[in-house]
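What follows is a single structure, written as structure tokens, with notes after it.
The values are calculated or read from the model by the stated rules, or taken from the named source; none is laboratory data. All figures in this text were calculated on a predicted structure; none of them were measured in a lab. Here Cβ is always computed from backbone atoms with ideal geometry, including for glycine, and neighbour counts include all displayed protein chains. We work out accessible area using only protein heavy atoms, side chains counted, and drop any ligands, DNA or RNA first. Shrake-Rupley method; radii C 1.70, N 1.55, O 1.52, S 1.80 Å.
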Amino acid sequence: MSDHHLSAVPEHVAIIMDGNGRWAKQRGLPRTMGHRKGVESVRDIVRAAGDAHIKYLTLFAFSSENWRRPESEITDLMGLLRTFIRRDLADLHRENVRIRIIGDRENLRGDLLPLLLEAEETTRANTALTLVIAFNYGSRDEIARVAARLAADVAAGRMRPEDIDAEAINARLDTAGIPDPDLIIRTSGEERLSNFLLWQAAYSELMFVPEYWPDFNRDLFFKALEKYAARDRRFGGLSKTLVAGS
Ligand code: FPP
């Protein structure tokens with residue numbers, strides 16, 4: 001990797017889909033309706049990402065902290081993902097989309113895990129967009145699971161402590177094989193990462209947009225991509241303009 005380049009189309013965009021609840025509240029609707037409308041935004045943005053020739057789109061659908069929500073909302077979010085996979089898998093497969101799931105696969109309810117595995121398996125060889133769904137995902141949890149695996153590898157004599165480097169960690173993350181996000185977008189005006197891709201976000205451009213997720217659409221997404229294209233990413237090196245002028 002060169003130590004800087006002018007950004008054009010990001011290879012990997014990750015999105016924190018925030019504001020479903022507030023969108024609903026604003027309209028006097030139950031929170032559930034916000035999540036439902038949010039699934040429509042998911043459909044739009046998946047297509048828009050494909051059209052923009054983005055290679056990886058990661059969506060934060062359920063965090064490991066979301067278990068603190070009322071039981072009915074948890075059931076609803078699990079149900080929405082289940083319905084999304086059931087209804088959209090055939091279309092996504094036809095559109096050559098590959099699906100990857102990241103997050104802890106323990107504690108998923110009923111038929112959800114087999115369904116997610118089926119979606120990954122069916123679309124494994126697809127070559128257009130890779131849609132990464134972060135479900136029951138928390139970055140610290142992911143990193144702790146990596147640490148446990150490294151400890152097990154060392155204890156079993158498969159590696160030495162001094163062999164542990166960034167590459168060894170990358171290879172054991174849920175995102176192994178997926179390039180780091182170039183751009184992370186969070187909707188709804190909140191400006192934080194909330195335990196999302198902390199390791200992977202080391203050099204990501206961050207963008208915070210005021211719209212609630214159910215109002216986020218193709219136009220706003222393309223606007224974000226335009227803004228990204230104007231940013232100068234340096235990866236710890238010098239700006240191209242500075243180098244040219246020196
Ligand atoms: C944040 O809004 C959104 C979530 C916690 C869930 C996002 C899930 C979906 C859009 C549906 C399922 C996903 C897929 C991929 C089909 P919030 O409830 O935190 O909103 P608030 O901050 O306004 O309360």
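Six or more apart or on different chains, Cβ under 6 Å: which pairs go from a residue in the range 24-50 that's over 30 Å from E95 (Cβ atoms) to one that's open to solvent by 40 Å² or more (accessible area, probe 1.4 Å) and near the ligand (Cβ under 8 Å from one of its atoms)? Could you list them? Close Cβ pairs (under 6 Å, with a partner that is open to solvent by 40 Å² or more (accessible area, probe 1.4 Å) and near the ligand (Cβ under 8 Å from one of its atoms)) do not exist here. Applying the set (1) near the ligand (Cβ under 9 Å from one of its atoms); (2) surrounded by 21 or more Cβ atoms within 10 Å (Cβ to Cβ) to A14 leaves exactly one unmet item: (1). Of all residues in the range 209-225, those being in contact (Cβ under 8 Å) with a residue 60 or more places away in the chain, within 21 Å of L193 (Cβ to Cβ) and not in a helix (DSSP H, G or I) number 3.
Do you know which residues across the range 32-63 are touching a Ser or Thr at 6+ places or on another chain (Cβ under 9 Å) and either of a type outside the set (S, T, Y) or over 25 Å from L116 (Cα atoms) (or both)? The answer is V39, K55, L57, F60. Flag: V46 does not match the condition of being open to solvent by 80 Å² or more (accessible area, probe 1.4 Å) and not acidic (D, E). All of R100, R86 fail the test of being in a strand (DSSP E or B), surrounded by 12 or more Cβ atoms within 10 Å (Cβ to Cβ) and of a type in the set (K, R), apart from R100. Please enumerate the residues belonging to the range 50-90 that are within 9 Å of the ligand (Cβ to nearest atom), within 22 Å of F196 (Cβ to Cβ) and among the β-branched types (V, I, T). Scanning the range 50-90 gives a single hit, I85. Return the residue satisfying two criteria in turn: it lies in the range 1-57 and is among the polar types (S, T, N, Q) and outside any helix (DSSP H, G or I), and of such residues it is modelled with the lowest pLDDT. Checking each candidate, the answer is S2. What is the one condition in (1) touching a strand residue (DSSP E or B) at 6+ places or on another chain (Cβ under 9 Å); (2) within 25 Å of R233 (Cβ to Cβ); (3) not in a loop (DSSP other than H, G, I, E, B) that D180 does not satisfy? Failed condition: (3).
The set of residues in the range 118-161 being touching a strand residue (DSSP E or B) at 6+ places or on another chain (Cβ under 8 Å), part of a helix (DSSP H, G or I), within 16 Å of the ligand (Cβ to nearest atom) and not polar (S, T, N, Q) consists of A119, E120. Restricting attention to the range 167-183, which residues are among the charged types (D, E, K, R) and either out of contact with any helix residue (DSSP H, G or I) (no Cβ under 7 Å at 6 or more places or on another chain) or surrounded by fewer than 16 Cβ atoms within 10 Å (Cβ to Cβ) (or both)? Correct list: E167, D180, D182.
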